[in-house]
Every structure is written in C-alpha cells, then in structure tokens.
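Engineer: Input: one structure, supplied below.
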Amino acid sequence: MNSYGSSEEHQPITWIKGHPIYAAHALVLVFVVSMLATTILMGMGAQGLLSSLGFSSELVLRGEVWRIATYGLLNPPSIWFAIEMVMIVWFGRELEKFYGRRKFLTLYAGLYFLPPLVLTAFGLVQPNVLAGRSGSFGLFIGFATLYPNVAFFFNILAKWLAAILVALYTLVALSNRDVAGLIYLWTTVAFAHGFVRDQQGRFSFPSFASFRSKPAPESAARPVARSRSSDAAGAGTMAEVDALLDKIARSGIGSLTPKERAKLDAARSEMKRRSQGR
C-alpha cells in the first residue's frame with residue numbers, strides 16, 4: 001500500500017452533504033461535546049465532578065490513573081478553545097490526508113497521552129496539574145515540519161512561525177513559572193517534530209530492536225566501488241525527495257503525479273531501511 005496514495009486510509013470516514021468528514025473532525029466533535037458538558041456542569045455547580053477529571057500528578061501516583069485520559073475534557077467555553085478546534089481541523093486534516101488515518105491517530109495519541117505521562121514522572125520531584133489541553137499546537141508543529149515553506153500571515157513561512165510561537169510560549173511559561181506548561185509544550189513539540197522526521201526517514205524513534213545483539217559487520221566484504229555508487233545514488237535520491245517535498249509545500253500532496261508519489265514512497269522506505277540498519 002502506498003503511504004502517499006489514495007488508499008482507504010487517506011479517504012474521509014464519511015461524507016455529509018458532499019463535505020468530507022475525517023478523523024480530525026471526529027476529534028473536534030468530541031471536544032465540542034466536552035465543552036458543552038463542562039459548561040452545563042459549571043452552571044450546575046458540579047465542581048466535585050469536574051475536579052475529578054483534571055490531571056494531577058500527585059493523584060495519578062495515588063492510583064487515579066484515569067486522569068491521564070480525562071484531563072483534556074475540561075473545556076470551558078472561550079475564544080481560544082474555538083481557535084484550537086480550527087487548528088485541529090485545519091492542520092490535523094492535512095496530516096491525516098498525507099499520512100493516512102491510522103498514522104494520524106497514532107500521532108494524536110502521542111500528543112495527548114505522552115505529556116501527562118512525562119508530567120507524572122516529573123511529579124515524583126514536584127507535583128503538577130494540567131487541564132483542558134487538546135494537542136492542537138502539536139498538530140501545527142507537525143504540519144510546519146511536513147510543510148515548512150507554506151506561507152502564513154504576512155508571508156511568514158510555517159517553519160519560522162512555528163519557531164516564533166515556540167519561543168514565545170516558552171518565555172510566557174518561564175515568566176509565569178509554569179513548569180507543567182513548559183514541560184507540556186516541549187513534550188508535544190518534540191514528539192510532533194520527531195514523528196514527522198521519523199516518517200520521512202530522517203530520524204528514528206528508539207526501538208527495542210536496537211538493543212538486540214548486532215550481527216558481524218558485512219561492510220568489509222563489500223567492494224569499494226559499490227559503496228561509492230550507493231552513496232552517489234543516495235545523494236541523488238535525497239535531491240529528488242527534497243524537490244518533491246518543495247512541490248508538496250507549494251501546491252499540496254495532490255499536485256504529485258502517480259509516478260512522483262511512487263518515487264517519494266520508495267525513497268521514504270529506502271531511507272527508513274537505512275536508518276534502521278545503522
């Protein structure tokens with residue numbers, strides 16, 4: 001199956017009145033329902049129920065592990081909440097179209113569950129709390145990593161806008177001494193960036209396979225000429241991949257011809273095979 005093709009994984013879940021519905025839209029629906037429920041419970045004064053949903057490293061370490069999954073469901077109505085939902089639809093949909101539904105949901109699961117797990121570990125040193133985070137900024141970081149040259153407001157490229165926002169949010173967290181917010185920010189940024197780089201074959205997440213005993217090296221038995229030709233072919237492949245990625249950044253994944261998509265998929269598989277073989 002071509003990871004960049006038009007397989008079922010890359011197609012909408014369903015269509016409503018001619019509009020495609022992706023998994024990113026389903027995520028937004030869940031958060032909107034949570035916002036409505038939060039609003040009703042706040043109006044009813046059900047503070048006890050609401051407080052049982054937020055993340056607290058101290059309470060998680062005492063056994064209330066459900067908070068790792070429910071912390072994002074506390075969403076009072078606000079303009080920022082609406083912006084986050086737009087970000088999930090906009091950037092999440094593009095990532096889902098490119099990688100397919102399962103890989104997109106894997107990315108989102110990492111953005112949602114990894115921060116509270118890291119904060120739980122940090123809670124052994126300093127207790128911390130977290131609530132109402134949707135992972136939308138991590139999706140933007142993933143989009144900016146995949147399409148770094150897409151122009152946004154005032155023709156600022158996605159990669160520079162991402163760098164500016166990460167720096168700004170870092171300074172805000174530092175000024176407020178918000179250690180939990182800082183850890184959340186950098187955990188989501190690192191995971192989103194690493195996920196896209198891993199899919200591109202430019203980075204590999206640690207694997208248990210890397211701890212297995214390695215076989216005797218075979219490189220010594222290979223002819224030098226073959227090694228040089230392989231290096232030259234690799235350089236040519238990277239140049240072609242960079243050109244295709246630039247084309248995607250300018251015109252989107254749909255601008256690629258079937259031959260170009262096949263070439264991009266083959267190059268990605270080869271780069272990932274090489275990185276795993278190191």
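Engineer: Of all residues in the range 111-144, how many are buried (at least 22 other Cβ atoms within 10 Å of the Cβ), modelled with pLDDT of 95 or more and polar (S, T, N, Q)?
Structural biologist: 1
Engineer: Looking at the range 114-134, can you tell me whether even one residue there is free of Cβ contacts under 8 Å to residues at least 60 places away in the same chain, under 26 Å from P76 (Cα atoms) and not aliphatic (A, V, I, L, M)?
Structural biologist: no
Engineer: Tell me the residue from F154, F191 that is assigned to a helix (DSSP H, G or I), surrounded by 13 or more Cβ atoms within 10 Å (Cβ to Cβ) and of a type outside the set (D, E), please.
Structural biologist: Details: F154 fails: surrounded by 13 or more Cβ atoms within 10 Å (Cβ to Cβ).
Residue meeting the stated conditions: F191.
Engineer: Give the residues of the range 38-85 that are assigned to a helix (DSSP H, G or I), hydroxyl-bearing (S, T, Y) and either touching a His at 6+ places or on another chain (Cβ under 9 Å) or under 26 Å from A121 (Cα atoms) (or both), sorted by residue number.
Structural biologist: So the first thing to find is which residues in the range 38-85 are assigned to a helix (DSSP H, G or I), and the list is 38-44, 47-51, 57-61, 67-73, 79-85.
Then keep just the ones that are hydroxyl-bearing (S, T, Y); that gives 38-39, 51, 57, 70-71.
Matches in the range 38-85: S51, S57, T70, Y71.
Engineer: Then there is this: Among the residues of the range 89-110, how many are surrounded by fewer than 21 Cβ atoms within 10 Å (Cβ to Cβ) and of a type in the set (S, T, Y)?
Structural biologist: Qualifying residue count for the region: 1.
Engineer: Which of the residues that make up the range 33-75 are in contact (Cβ under 8 Å) with a residue 40 or more places away in the chain and of a type in the set (G, A, S)?
Structural biologist: The answer is S34, G54, S56, S57, A69, G72.
Engineer: Tally up the residues in the range 50-83 that are exposed (fewer than 11 other Cβ atoms within 10 Å of the Cβ), farther than 22 Å from H25 by Cβ and of a type outside the set (D, E, K, R), please.
Structural biologist: Residues in the range 50-83 being exposed (fewer than 11 other Cβ atoms within 10 Å of the Cβ), farther than 22 Å from H25 by Cβ and of a type outside the set (D, E, K, R): 1 in total.
Engineer: Kindly indicate the residue of the range 107-151 that is of a type in the set (V, I, T) and outside any helix (DSSP H, G or I) and also nearest to A167 (Cα to Cα) among those meeting that condition. Spell out the reasoning first.
Structural biologist: Here is the first cut: in the range 107-151, the ones of a type in the set (V, I, T) are 118, 120, 125, 129, 141, 145, 150.
Going one step further and asking which of them are outside any helix (DSSP H, G or I), we end up with 125, 129, 150.
On the way: V125: 25, V129: 22, V150: 20 Å.
In this case the residue turns out to be V150.
The values are calculated or read from the model by the stated rules, or taken from the named source; none is laboratory data. None of the values given here were measured: they were computed from a predicted structure. With ideal geometry, Cβ positions are generated from the backbone for all residues, glycine too; neighbour counts draw on all protein chains shown.
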